[in-house]
Amino acid sequence: MIDREENRVITNYQVTGEEDFFKGHFPGNPIMPGVILQEAAFQSGALLMSFKSAESGQTGLGVVSRVQDVKFKNFVKPGDLLEMEVCLDESIANAFYMSGKTRVNGKIVMAIKFTGTLVPNQASS
């Protein structure tokens, strides 16, 4: 994490090119898969959810329950530094409505809206 405010978190990740997904996506022209870009935003959102739920005394497992309005604006290549900014737009009970932007060199490469839900922890059998 590089920054945190009341309803916002900024995280980053240095893409090295050694990540396993580059082996097949695509040989000779490595491009970070869009689903991995989304996951980076979800993980940043989970961090924000953990802060907010701890403040309110809620416990549970944060899961993505809705994804909408995903827009990919450019490719992410080895060597890029990703900066994920996720904002909590609204929270109702155990639902956290968030929006995120991922940037490389200050330019948006992905924008997304998603919902995280805090579900009760299940005891193992």
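Just so it is clear, none of the values below were taken in a lab; they were calculated from the coordinates. Because the structure is predicted, anything quoted here is derived from the model rather than measured. For neighbour counting, all protein chains shown are included, and Cβ atoms are generated from backbone atoms with ideal geometry for every residue, glycine included.
Here are the numbers:
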{"item": "Amide hydrogen neighbours beyond the local backbone of residue 12, cut-off 5 Å, H modeled", "result": "2, 84"}
{"item": "Distant alpha-carbon pairs in the chain (separation over 21 angstrom), percent", "result": "42"}
{"item": "Ellipticity estimate at 222 nm from DSSP helix runs (n ≥ 4, -39,500 (n - 2.57)) divided over the chain, nearest 500", "result": "-6500 deg cm²/dmol"}
{"item": "HN-Hα J in Hz across segment 44-52 - Karplus 6.51, -1.76, 1.60, θ = phi - 60°, x for Gly and Pro", "result": "5, x, 4, 4, 4, 4, 5, 5, 5"}
{"item": "Phi-based couplings in Hz for segment 55-65 (Karplus 6.51, -1.76, 1.60; Gly and Pro marked x)", "result": "4, 9, x, 7, 10, x, 9, x, 10, 7, 10"}
{"item": "Neighbour-count order for 19, 39, fewest beta carbons within 10 angstrom listed first", "result": "39, 19"}
{"item": "Contour excess over end-to-end distance, with Cα ends at residue 25 and residue 121 and 0.36 nm allotted per residue", "result": "31.0 nm"}
{"item": "Backbone N within segment 64-88 under 17 Å of label point (7 Å from residue 16 Cα along the Cβ vector)", "result": "77-82"}
{"item": "Amide H partners (placed H, <5 Å) of residue 80, local residues excluded", "result": "15"}
{"item": "Per-pair calculated FRET efficiency, R0 = 25 Å: residue 1 and residue 61 via Cβ, rounded to 0.05", "result": "0.80"}
{"item": "Per-residue Cβ neighbour rank within 10 angstrom, fewest leading, 108, 92", "result": "92, 108"}
